[in-house]
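Participant: Sharing a structure with you now.
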Amino acid sequence: MRRALVLSALLLPLQAWAGAQLYEPLSDSVVTQLAAAVADQAPPVFNFRNAGDAHKWVHAMSERLRRRIPDRKERIELLKAVQHEATRAGLDPQLVLGLIDIESGFRKYATSIAGARGYMQVMPFWTKLLKRPGDNLYRLRINLRYGCVILRHYLDRENGDFFRALGRYNGSLGKPEYPNLVWAAWRGRWQYGGATN
């Protein structure tokens, strides 16, 4: 069964599985912590041990994205933001690329039936919850920052259990399809053997 899901995920790269993150009441301290993380607008920089690692990673990921995002400048901007926001949140950039692949198919203006927006399909209630109603979830850095902070929150809540955290992220907790697809993309199409931070 898992092998069939992995194969289907590899064969259907443009299918989006955007779900609806569910509003769950959060303590004031968690809201404050998440809001501070989202508000941090440090300039995007690559977080690699050396420039050679950065160059190799960008080249490998850019080639994989070429079909989805033909414009090189746009690809590099996306990769720089993914690598920066993912490592800032303590996430593997490859996981974030896998999630974006499944959630939106790398479509900046993707909008789900439930109203999730952008690359990482972030639900608009997060901007209200974090008291930042002016944040545009279609903007690259804002979308990635929210998505990475939210995924980190769910990973912490689930004690590092990727399948449960991904289920919460997608609003499909307890159902294996979505976490399996993201896992397959992360460990398949977006796997990278070199250093990413």
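Participant: Confirm whether L181 is under 25 Å from R49 (Cα atoms) and at pLDDT 95 or above.
Facilitator: no
Participant: Select from the stretch 138-197 the residues that are in contact with a Gly (Cβ under 7 Å, 6 or more places away or on another chain), part of a helix (DSSP H, G or I) and over 23 Å from P124 (Cα atoms) and list them in ascending order.
Facilitator: Of everything in the stretch 138-197, those that are in contact with a Gly (Cβ under 7 Å, 6 or more places away or on another chain), part of a helix (DSSP H, G or I) and over 23 Å from P124 (Cα atoms) turn out to be A185, W186.
Participant: Sticking with this structure for a sec: Any idea which of (1) closer than 15 Å to A37 by Cα; (2) touching a residue at least 12 places away in the same chain (Cβ under 8 Å); (3) within 16 Å of the chain's Cα centre (by Cα) is the one D156 doesn't satisfy?
Facilitator: The single condition D156 does not satisfy is (2).
Participant: Moving to a separate point now. Give the number of residues within the stretch 50-86 that are touching a residue at least 12 places away in the same chain (Cβ under 8 Å), of a type in the set (K, R) and outside any helix (DSSP H, G or I).
Facilitator: Residues flagged as touching a residue at least 12 places away in the same chain (Cβ under 8 Å), of a type in the set (K, R) and outside any helix (DSSP H, G or I) within the stretch 50-86 amount to 1.
Participant: Still on this structure: Given the options L144, L173, name the one that is crowded, with 16+ Cβ neighbours inside 10 Å and within 13 Å of the chain's Cα centre (by Cα).
Facilitator: After applying the criteria, what remains is L144.
Participant: Pairs please, first residue from the stretch 135-148 and of a type in the set (S, T, Y), second anywhere and not in a loop (DSSP other than H, G, I, E, B), Cβ atoms under 7 Å, 6+ apart in sequence or on different chains.
Facilitator: Listed by first residue and then by second, the contacts come to Y138/R117; Y146/V38; Y146/V122; Y146/W126.
Participant: Please go through the stretch 98-125 and pick out each residue that is at positive phi and crowded, with 17+ Cβ neighbours inside 10 Å.
Facilitator: Selection gives G105, F106, G118, Q121.
Participant: Regarding L78, is this residue at pLDDT 95 or above, within 21 Å of Q33 (Cα to Cα) and either within 10 Å of the chain's Cα centre (by Cα) or buried (at least 20 other Cβ atoms within 10 Å of the Cβ) (or both)?
Facilitator: Criteria not met by L78.
Participant: Let me ask you something else. Kindly list, by first and then second residue, each pair from a residue in the stretch 100-111 that is farther than 11 Å from R68 by Cα to a residue that is assigned to a loop (DSSP other than H, G, I, E, B) and β-branched (V, I, T), limited to pairs with Cβ atoms under 7 Å and residues at least 6 apart or on different chains.
Facilitator: none
Participant: Okay, next question. Among residues belonging to the stretch 87-128 that are of a type in the set (S, T, Y) and part of a loop (DSSP other than H, G, I, E, B), point out the one that is nearest to A37 (Cα to Cα).
Facilitator: Step by step, filter the stretch 87-128, then rank; the result is Y119.
Participant: Take the residues in the stretch 126-141 that are of a type outside the set (D, E, K, R) and farther than 24 Å from G160 by Cα; name whichever of them is surrounded by the fewest Cβ atoms within 10 Å (Cβ to Cβ).
Facilitator: G134
The values are calculated or read from the model by the stated rules, or taken from the named source; none is laboratory data. Nothing here was measured: the structure is a model prediction, and the numbers come from that model. Note that we place each Cβ from the backbone using ideal geometry, even for glycine, and neighbour counts take in every protein chain shown.
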